Amino acid sequence: MATYTLPELPYDYSALAPVISPEIIELHHDKHHAAYVKGANDTLEQLAEARDKDAWGSINGLEKNLAFHLSGHILHSIYWHNMTGDGGGEPLEKDGVGELADAIAESFGSFAKLKAQLTKAAATTQGSGWGVLAYEPVSGRLIVEQVYDHQGNVGQGSVPVLVFDAWEHAFYLQYKNQKVDFIEAMWQVVNWQDVAKRYASAKERANNLLLAP
């Protein structure tokens, strides 16, 4: 039995239109995300074979493949839930996400400053990658990360709570080469309820990362 499975979408293909077209959602989830799930499972099998045969000539490539496919699977699994057709706007206390709103203000100065930094980080990622809002447990603050591919340039232990997919397959059919337009539009579908839950969960588990001497 496969270790990883493709999760179902929490909405239908048209739920995020017009920000993201149904065609993109279908291809992105059913083809691209599915490929990362398959890649992770295939790599685990190849690593098991290497252990059985004590054949380690391809270990570097296999470990890199596992990180790439597994991180792609995890980030996409977060991505789908980070969005909703009823989302967007700014996280506010009246909407039940006051703790997240306070953390954003403390870490970035204001929501507007977070939005500017995360938009720029996602839109200018070299090649393929992600813009990520993450909880950093050592400082207890929120940070923005510019993730190359799916796994590069990430602070160890940081927990993604909001992710913007900046790979071309996420937007090209609709936005062509205007990546920044896609990232700007993404703010219209952010599911702040989901982001707030992820922030609260990450904060609750923060003390498990580093054990006191």
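Structure notes:
- Within the span defined as segment 164-175, one or more residues are more than 26 Å from residue 100 (Cα to Cα), small (Gly, Ala, Ser), in contact (Cβ under 8 Å) with a residue 12 or more places away in the chain and open to solvent by less than 30 Å² (accessible area, probe 1.4 Å).
- Subset of segment 73-92 [part of a helix (DSSP H, G or I), within 17 Å of residue 182 (Cβ to Cβ) and either open to solvent by 30 Å² or more (accessible area, probe 1.4 Å) or of a type in the set (A, V, I, L, M, F, W, C) (or both)]: 75, 80
- Residue 95 fulfils the conditions (1) open to solvent by less than 10 Å² (accessible area, probe 1.4 Å); (2) modelled with pLDDT under 95; (3) within 17 Å of residue 198 (Cα to Cα) except for a single criterion, (1).
- Filtered by the rule that a residue be open to solvent by less than 30 Å² (accessible area, probe 1.4 Å) and either outside any helix (DSSP H, G or I) or touching a residue at least 40 places away in the same chain (Cβ under 8 Å) (or both), segment 103-132 gives 103, 118, 119, 122, 123, 125, 129, 130, 131, 132.
- Note on segment 5-43: residues that are open to solvent by 60 Å² or more (accessible area, probe 1.4 Å) and of a type in the set (Phe, Trp, Tyr) total 1.
- Filtered residues of segment 44-65 (kept if under 27 Å from residue 171 (Cβ atoms) and open to solvent by less than 30 Å² (accessible area, probe 1.4 Å)): none
- Residues that are closer than 19 Å to residue 79 by Cα and either modelled with pLDDT under 90 or crowded, with 17+ Cβ neighbours inside 10 Å (or both), drawn from segment 137-152: 142, 144, 145, 146, 147, 149, 150, 151
- Contacts under 7 angstrom Cβ, first residue in segment 1-29 being part of a loop (DSSP other than H, G, I, E, B), partner hydroxyl-bearing (Ser, Thr, Tyr), 6 or more apart: 7/77
- Qualifying residues in segment 93-102 (those that are in contact (Cβ under 8 Å) with a residue 60 or more places away in the chain and part of a helix (DSSP H, G or I)) - the one farthest from residue 202 (Cα to Cα): 95
The values are calculated or read from the model by the stated rules, or taken from the named source; none is laboratory data. A quick note: this is a predicted structure, and the numbers were derived from the prediction, not measured. Virtual Cβ from ideal backbone geometry, glycine too; neighbours counted across all protein chains shown. Only protein heavy atoms, including side chains, enter the accessible area calculation; ligands, DNA and RNA are left aside. Shrake-Rupley method; radii C 1.70, N 1.55, O 1.52, S 1.80 Å.
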